[in-house]
Amino acid sequence: MSEPQPVRNAVLDTNIVLDIFLFDDKVAKPLKPALEAGQLRWLATQHMRNELERVLDYAHLVPKLAFYQLTAADVLAAFDRHTTLVEVAPRVPLVCKDPDDQCFIDLAVAHRALLLSKDKAVLCMKKRLLAHEVSVQAAI
């Protein structure tokens, strides 16, 4: 009998969240079962939830929600079901070119978590974040 895998902390940026719970993106597909099985512990803050709520109201996403027969409330309920809300992390000296992504970096560093993002401003920081025990990936 094999040992159970340790739960891995993860921070998901907003686009990854949309890929999982709105677009059902094939690259993001493994994330939902990993979250449901408890293999990933998705860490987020209230600020991140507020950002997702704001983004779900963007004019270009409203027809996508309708196409997939979802509402913003459905996506937010999935967020609530799968996240562990934590306090906002202190600012780290690694500064992201995109200030909107800084909160994800700060949280990942504070918890030495896997950071999932497709944002170029985050992905270009891979080496610097690895020095802080944070692995940055676009998918698992």
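Identify the chymotrypsin sites (Phe, Trp or Tyr not before Pro) of the stretch 43-140 meeting these criteria: DSSP loop state and at most 11 other C-beta atoms within 10 Å of the C-beta.
The qualifying sites are 58.
Taking a spot 7 Å from the Cα of residue 97 along the direction of its beta carbon, which residues of the stretch 117-140 have an amide N less than 13 Å from it?
Label zone hits: 119-126.
List the GluC sites (Glu not before Pro) within the stretch 10-66 that DSSP assigns to loop and that have no more than 16 neighbouring Cβ atoms inside 10 Å.
In loop regions of the stretch 10-66 (DSSP not H, G, I, E or B), there are no sparsely surrounded GluC sites (Glu not before Pro).
Would you please give the FRET efficiency between residue 130 and residue 86, computed as 1/(1 + (r/R0)^6) with r the Cβ-Cβ distance and R0 = 30 Å, to the nearest 0.05?
Calculated value: 0.85.
Of all alpha-carbon pairs in the chain, indicate the percentage at a distance above 26 angstrom.
For the chain, the share of Cα pairs beyond 26 Å comes to 21 percent.
Using only helices, what value at 222 nm comes out for the chain when you add -39,500 (n - 2.57) per DSSP H run of length 4 or more and divide by the total residues, to the nearest 500 deg cm²/dmol?
Mean residue ellipticity, 222 nm, calculated: -11000 deg cm²/dmol.
Assuming a strict under-19 Å limit between Cα atoms, what lysine pair count do you get for the chain once near-sequence pairs (fewer than 8 apart, same chain) are dropped?
11
Here, each number is a calculation from the coordinates, and none is a lab measurement. None of these values were measured; they are calculated from a predicted model. For neighbour counting, all protein chains shown are included, and Cβ atoms are generated from backbone atoms with ideal geometry for every residue, glycine included.
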